Amino acid sequence: MTELKLTPKDPARITTDALVIAVAKDGKSARLIAEDALPTKAESRLSALLPALGVRGTADEVVRVPAPEGISAAVVLLVGVGERDVNDETLRRAAGAAARSLAGTDSAVMALPATTAEQVAAIAEGALMGAYRFDRYRDSDPAPVKQLELHTPLARDKAGKAALERAQVVADAVRSVRDLVNSSPAHLYPETFAEAALTAAKGSKVKVKVLDDDALRRGGYGGLVGVGQGSSRPPRLVKLTYSPARAKGHYALVGKGITFDSGGLSIKPASGMETMKMDMAGAATVLHTVLAAAALDLPIKVTRWLALAENMLSSTAQRPSDVITIRGGKTVEVLNTDVEGRLVLADALVAAGEEDPDVIVDIATLTGAQMVALGTQVGAVMGTDEEREAVVAAATAAGEQFWPMPLPAELADSLKSEVADLSNMGDRWGGMLVAGLFLKEFVGETPWAHLDVAGPAYNEGSARGYTPKGATGTGVRTLLSLLERATQ
């Protein structure tokens, strides 16, 4: 794992493998943002080389050049920050891109603009998230950079140290989510996911309770039981509780945890199953958000609910036209067994509401319609007005992209059933909003927000910034920011 520390030393005089310098796009040319980190002659030399090197300063651009005279590093890594004014998120992404490109090296010094605690936090988060590798099934080659030093005048300042400590907790949580989501469904299924939660919480301030298949049946959790009954590996509901003294409120977080989604009897096409190990990203996000909140000693009570099931097809699988009873008594006609996420979430939402939290927030890789509406990098937020806006504000502060979406009442009619209280699917048009309306039926009067991260949770394209190919860990920073803001 990459180690990162702060340093007040002159970065040009530190003997290291690489010195990272920011480059901004300035019209049709590029300019260094050295922040007095380079000797005058070295800065002039590098600036003069930019046109010949074809450096444009665009986001995600990384160019490696031999270090000029006056710099002790072996090479200089020029990393683009884009043409906009440099902000925390552009720094976060630039640090991530630099860290990715430093794989295989022992050490580097980052001389990116880090004069505020917010900038220190952003660069540290980006670098640590960018230096991620998933190597459970094969050796990582090349390995992530071993040691990073971030040059900042705040290296010995209380605010700078606090910013680094928080960034390390955040990055650890994001990496842990990525590890779970990237894991093979042969190894990560409801039982082993629950065991992973118990292991992760050991020694922390978080208590864990696991409901197995028998307990779910006795408790009337018809959504989890129904979705999971086609698999030889039965469902679980995991409750995590962080309850500090003098807590400022109570948040309940609910995560969808379909460890593999075949679609059930309404089977997906083969290509549609290739990434379905990621359908438990919501539950992974919820798990490691609560552990991060505990590690940061946030003064807020948090209960987390992981709704875990494997959606498979077999002679015991749930059938289209089955009617199931969700915890609390509402009945649902299952018209399509591939519309399963909302069924397990419904059980968990009811259970969460039974403890009278101030706010319920759920996060799920719920609908393909989310990607149709917002693409693969922007998540959707629905729910009660105040909580929806609170999530958007928290996401903006954290550097993640979430867009507020409505819940039009007229779409709810499409969820009506002839034989049950609801059907599990409705109008195809506005399918993301219909899913939100379904979930709304199970939260009662509690303020609530629903985050759909079907696209952002898993990157099928090329790595970018601090985002690797595969699992991204999207949502951790937003939820943690939401909890922190609720204590202010």
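When only residues in region 13-37 that are in contact with a helix residue (DSSP H, G or I) (Cβ under 7 Å, 6 or more places away or on another chain) and not in a strand (DSSP E or B) count, which is nearest to D157 (Cα to Cα)? Step by step, filter region 13-37, then rank; the result is A37. If you check T337, T325, T303 for being of a type in the set (S, T, Y), surrounded by fewer than 19 Cβ atoms within 10 Å (Cβ to Cβ) and either over 18 Å from A486 (Cβ atoms) or touching a helix residue (DSSP H, G or I) at 6+ places or on another chain (Cβ under 8 Å) (or both), only one passes: T325. Checking each residue in region 414-457 for being among the small types (G, A, S), surrounded by 20 or more Cβ atoms within 10 Å (Cβ to Cβ) and closer than 23 Å to T325 by Cα picks out S423, G426, G431, A435, G436.
Any chance region 317-338 includes a residue that's in contact with a Lys or Arg (Cβ under 9 Å, 6 or more places away or on another chain) and closer than 30 Å to S462 by Cα? Yes, there is a match, as at least one residue in region 317-338 is in contact with a Lys or Arg (Cβ under 9 Å, 6 or more places away or on another chain) and closer than 30 Å to S462 by Cα. Could you list, in sequence order, all residues of region 391-406 that are farther than 22 Å from A284 by Cα and surrounded by 19 or more Cβ atoms within 10 Å (Cβ to Cβ)? M405, the sole residue that qualifies. Scanning region 239-274 for residues that are within 19 Å of G341 (Cβ to Cβ) and under 19 Å from the mean Cα position of the chain (by Cα) yields A252, L253, V254, G255, K256, G257, I258, T259, F260.
So that you can scan it fast, the table gives a plain yes or no per residue for (1) surrounded by fewer than 24 Cβ atoms within 10 Å (Cβ to Cβ); (2) free of Cβ contacts under 8 Å to residues at least 12 places away in the same chain; (3) more than 20 Å from A486 (Cα to Cα):
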site: R342; (1), (2), (3): no, no, yes
site: A352; (1), (2), (3): no, no, no
site: P357; (1), (2), (3): yes, no, no
site: V361; (1), (2), (3): no, no, no
site: T365; (1), (2), (3): no, no, yes
site: T376; (1), (2), (3): yes, no, yes
site: D385; (1), (2), (3): yes, yes, no
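Among strands (runs of 3 or more DSSP E) entirely within region 188-288, having at least 3 residues that are in contact with an Asp or Glu (Cβ under 8 Å, 6 or more places away or on another chain) and crowded, with 24+ Cβ neighbours inside 10 Å singles out 250-261. If you scan region 401-452, which residues turn out to be within 17 Å of A346 (Cβ to Cβ) and of a type in the set (V, I, T)? V434, V443, T446 - these are the residues of region 401-452 that are within 17 Å of A346 (Cβ to Cβ) and of a type in the set (V, I, T). When L296, L308, L291 are checked against the criterion of being surrounded by 20 or more Cβ atoms within 10 Å (Cβ to Cβ), assigned by TED's automatic domain parsing to the domain that holds T478, farther than 24 Å from G226 by Cα and in contact with a helix residue (DSSP H, G or I) (Cβ under 7 Å, 6 or more places away or on another chain), L291 stands alone in meeting it.
Of all residues assigned to region 335-354, at least one qualifies as being assigned by TED's automatic domain parsing to the domain that holds S481, more than 26 Å from the chain's Cα centre (by Cα) and among the hydroxyl-bearing types (S, T, Y). The requirement of being under 18 Å from L343 (Cβ atoms), of a type outside the set (D, E, K, R) and in contact (Cβ under 8 Å) with a residue 12 or more places away in the chain is fulfilled nowhere in region 194-210; no residue meets it.
When restricted to residues that are surrounded by 15 or more Cβ atoms within 10 Å (Cβ to Cβ) and touching a strand residue (DSSP E or B) at 6+ places or on another chain (Cβ under 9 Å), region 66-89 contains 15. Scanning region 93-117 for residues that are charged (D, E, K, R), over 20 Å from the mean Cα position of the chain (by Cα) and over 12 Å from D17 (Cα atoms) turns up nothing. Within region 321-359, the set of residues being more than 18 Å from A309 (Cα to Cα) and either among the aromatic types (F, W, Y) or in contact with a His (Cβ under 9 Å, 6 or more places away or on another chain) (or both) comprises E355, D356, P357, D358, V359. Screening L128 against (1) modelled with pLDDT under 95; (2) surrounded by 22 or more Cβ atoms within 10 Å (Cβ to Cβ) leaves a single unmet condition, (1). Of the residues E69, E118, the single one that is acidic (D, E) and in a helix (DSSP H, G or I) is E118.
The values are calculated or read from the model by the stated rules, or taken from the named source; none is laboratory data. None of these values were measured; they are calculated from a predicted model. As a convention, Cβ positions derive from the backbone with ideal geometry for all residues, glycine included, and neighbour counts pool all protein chains shown.
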